[in-house]
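Chemist: Below you will find the structure I want to go over with you.
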Protein chains: 2
Amino acid sequence: MSGSISQDQISTLLRRNQLSVTEGRRRILEVFMEAGIALSHHDIEEKTSERLDRVTVYRTLQTFLEKGIMHTIPTTDNSVLYALCKDTCGDGHHHDDHVHFICEICGTTTCLDGLTIPFITLPDGYQVSQVNMIVNGRCKKCAA
Amino acid sequence: MSGSISQDQISTLLRRNQLSVTEGRRRILEVFMEAGIALSHHDIEEKTSERLDRVTVYRTLQTFLEKGIMHTIPTTDNSVLYALCKDTCGDGHHHDDHVHFICEICGTTTCLDGLTIPFITLPDGYQVSQVNMIVNGRCKKCAA
DNA sequence: GTAACTGCAAAATATTTGCATCCTT
DNA sequence: AAGGATGCAAATATTTTGCAGTTAC
């Protein structure tokens, strides 16, 4: 399972974001890549507790959010999930507009940055600077 | 200021949602109607501290979220705001799709339920059941 | 070697729960 | 009168901070 995750990929992602490669950062990225879905802070703590202190998890996630490597996604039950954005991993850049797709069956979260957010017509005089969409539904696998 | 907020309006909203009219619920709705913007839990506590216990604020907000009278809105700094949805106040119904507009200048939050969320094209086979949009920008007043 | 990351301990905050009392209908 | 809402006290949980030791480059 973790064999499919390349350490090179992780190192590259970190370096592209001007971050040193450390145990905490590597481990947290591994967890996200293995999971493939958005995780709560609690989930992450659980999956890293053998190797990382809770405080390191807080600080690392904070760093990742600031760098735009991860994003937070609100849930309907009023909690927050952390998601690794795939295309961000690729190019190390942070985009302003985001579409997150969350599968209601398997929980898979996909960051659809490639998707163009359609123009919406707002009341007269309103100016849009940033749009975030959260799309809930069923992913390809679970739709059938 | 609070003179412009009708107690009738508040009572009606509560009754439409099968909720009894109590001090805590009335006071919290007043605060939101006076403010006109989305508020953090901390804001709400502050504005009600003279009359309500902190625990009542927690329980009342929870109730309002369950009834769909209010919604939570994630912010870019990873915290959560509570917003009273205007059209929900009107008809007492909860809609699945939501568009929230947040003015980056004055903080005014508008729940644009009347707005039709445009169809977005997702990867093959994906099914959409609910969409939430958060639009950041400048409201009419602040755009000029 | 130096700057930055990490773990530990502890403080500060935030949230939940139990229960007795009061209010709404 | 009865069920539910509220306040208070206290238990939990969450998040932040300071500092000393360790690691990455």
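Chemist: Identify the residue in region B:1-25 that is crowded, with 19+ Cβ neighbours inside 10 Å and away from DNA strand D (no atom under 12 Å from the Cβ) and, among all such residues, is farthest from the other protein chains (Cβ to nearest Cβ).
Modeler: B:10
Chemist: Considering only region A:37-50, I want to know if a residue exists there that is buried (at least 16 other Cβ atoms within 10 Å of the Cβ) and assigned to a loop (DSSP other than H, G, I, E, B).
Modeler: yes
Chemist: Out of curiosity, is residue B:90 surrounded by 15 or more Cβ atoms within 10 Å (Cβ to Cβ), modelled with pLDDT under 75 and more than 10 Å from every other protein chain (Cβ to nearest Cβ)?
Modeler: Answer is no for this residue.
Chemist: Checking residue A:104 against (1) at pLDDT below 85; (2) under 25 Å from residue A:129 (Cβ atoms), only one condition comes out false. Which one?
Modeler: Status for residue A:104: all satisfied but (2).
Chemist: Moving on. Can you pull out every residue in region A:19-36 that is in contact (Cβ under 8 Å) with a residue 12 or more places away in the chain and not in a helix (DSSP H, G or I)?
Modeler: At the first step, the residues of region A:19-36 found to be in contact (Cβ under 8 Å) with a residue 12 or more places away in the chain are A:19, A:23-36.
A:19, A:36 - these are the residues of region A:19-36 that are in contact (Cβ under 8 Å) with a residue 12 or more places away in the chain and not in a helix (DSSP H, G or I).
Chemist: Residue A:28: aliphatic (A, V, I, L, M), surrounded by 12 or more Cβ atoms within 10 Å (Cβ to Cβ) and near DNA strand C (Cβ under 9 Å from one of its atoms), yes or no? Even if it seems obvious, please write down each step before you answer.
Modeler: On the way: aliphatic (A, V, I, L, M): yes; surrounded by 12 or more Cβ atoms within 10 Å (Cβ to Cβ): yes; near DNA strand C (Cβ under 9 Å from one of its atoms): yes.
Criteria met by residue A:28.
The values are calculated or read from the model by the stated rules, or taken from the named source; none is laboratory data. Values in this document were obtained by computation on a predicted structure and should not be read as measured data. Virtual Cβ from ideal backbone geometry, glycine too; neighbours counted across all protein chains shown.
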